[in-house]
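Below: the structure, in structure tokens.
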Amino acid sequence: MAKKARYTYPQLLHQKSLINLYMMLYFTKMHSLGNDFMVIDGIYQTIRLDAALICQLADRHRGIGFDQLLIIEKSNEPGVDFNYRIFNADGSEVGQCGNGARCLAHFAHFYGLTAKKQLVIATSTTRMTLTVHTLNKITVHLKPPQFSPSSIPMLHTTTPNPHTLLLDTSTAQLVYTVNVGNPHAVSCLSNLDDFDINDIGKKISQHPFFPQQCNAGFMQIQALDAIKLRVYERGAAETQACGSGAVAAVAVGRRYFGLDEKVMVNLPGGVLEVDWPDMNDAIYLTGEACSVFEGKINTALLG
């Protein structure tokens, strides 16, 4: 039986006028390895957000600040515990975020929305199973990565990996594309330390080959069981960590570069573990999820 919710959302919200119900948002700021989120309970709150308002909330100087905004919602679909919506800092909605999924599981347990140790959540593009080991250690079970150009999706190509992208008149980049619930283009480099990820990453992310844009990952293989990774996330620029980016990089590394079935992924914000024991089956992402603070914001005051 689920414990009593620490946020008594219905009691709080029933005290508000109908106008304030639409304007006041209770939220939790969370992160996984520095990849940070504003997480909102959409089960007990009525949420009315548009892209412009999300951009204001994402502003680190004039708002709350985050890489992505996450909303947990009730699901009426059999076998699904919660719906999960993900919005980038630019207001665009996407279908996958591995770090965010772990934060969502942490949130659901911490606030008494569930006591289940294994959850199924659904996004606009995929379903994920989450295993809660502890509040701060959670595993995301993801569907097998897809490598065909049509699954990314990509335009103007039917050829398999790798792909050479012409970024400007003098720069080309070799990438391996993969879909892990969202599209990724992964490059394997010898050194990431002095690499201008925000310039090259943006050009890859917004390349015409990707009609829905993509996340651009840059991987340095340190050993067969360890990589270094930096990720330019579409709609958010470089982040401290990217869970789906870690999964995408290991999938590419395992398939094309002979990486082991269990790989430690070293990101600027910390370490994630990716396991892919059967390359025709699920891939697993394990890492931390942390709460930072709770708050409420009157969206009518933003402007």
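Using only alpha-carbon positions, what ratio does the radius of gyration of the range 157-303 give when scaled by 2.2 N^0.38 Å? Numbers along the way, then the final one.
Values: Rg = 16.5 Å, N = 147, 2.2 N^0.38 = 14.7 Å.
It is 1.12.
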Packing-based order for 189-196, 131-138, 106-113, using average beta carbon neighbours within 10 Å, highest first: 106-113, 131-138, 189-196
Please compute the alpha carbon radius of gyration of the range 32-141, then divide it by the globular-protein estimate 2.2 N^0.38 Å. Two decimals is fine. 1.02
In what sequence, highest mean first, do 157-170, 261-274 appear when ranked by Cβ atoms within 10 angstrom? 261-274, 157-170
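If you roll a 1.4 angstrom probe over the protein chains with everything in place, what fraction of the accessible area of the range 94-221 belongs to carbon and sulfur, to the nearest %? List each step's numbers first, then the result.
On the way: 2650 of 5150 Å².
That share works out to 51 percent.
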Between the range 112-185 and the range 21-43, the alpha-carbon center distance in angstrom: 23 Å
Please pull out the direction-averaged projected area of the chain, using the convex hull of its alpha-carbon atoms, in nm² to one decimal place. 16.3 nm²
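Would you please give the FRET efficiency between residue 166 and residue 223, computed as 1/(1 + (r/R0)^6) with r the Cβ-Cβ distance and R0 = 35 Å, to the nearest 0.05? If you can, show how the numbers build up before the last one.
Numbers: r = 32 Å, r/R0 = 0.92.
It comes out at approximately 0.60.
Normalise the Cα radius of gyration of the range 222-280 by 2.2 N^0.38 Å (N = residues in it) and let me know the number.
Working: Rg = 11.2 Å, N = 59, 2.2 N^0.38 = 10.4 Å.
Working it through for the range 222-280, the quotient is 1.08.
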Cut-off 20 Å, label point 7 angstrom out along Cα-to-Cβ of residue 290: give me the residues of the range 65-86 whose amide nitrogen falls inside. 65-70
Stokes-Einstein D (µm²/s) once Rh is taken as the Kirkwood radius of the range 250-299 over alpha-carbon pairs, at 10 °C in 1.306 mPa s: 121 µm²/s
Go from 0 up to the bin containing the longest alpha carbon distance in the range 77-224, width 5 Å each, and give me the % of pairs per bin. 2, 8, 16, 17, 16, 15, 12, 8, 4, 1, 0, 0
Structure-based [θ]222 nm, the chain - -39500 (n - 2.57) summed over DSSP H runs of at least 4, per residue, nearest 500: -5500 deg cm²/dmol
Could you give the length gained by full extension between residue 195 and residue 61, i.e. 0.36 nm per residue of separation minus their alpha carbon distance, to one decimal place? 45.6 nm
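The values are calculated or read from the model by the stated rules, or taken from the named source; none is laboratory data. Everything numeric here is computed off the predicted structure, so don't read it as measured data. Positions of Cβ are generated from backbone atoms using ideal geometry, with glycine treated the same way; all protein chains shown enter the neighbour counts. These accessible areas exclude ligands, DNA and RNA; they are computed on the full protein's heavy atoms, side chains included. Shrake-Rupley method; radii C 1.70, N 1.55, O 1.52, S 1.80 Å.
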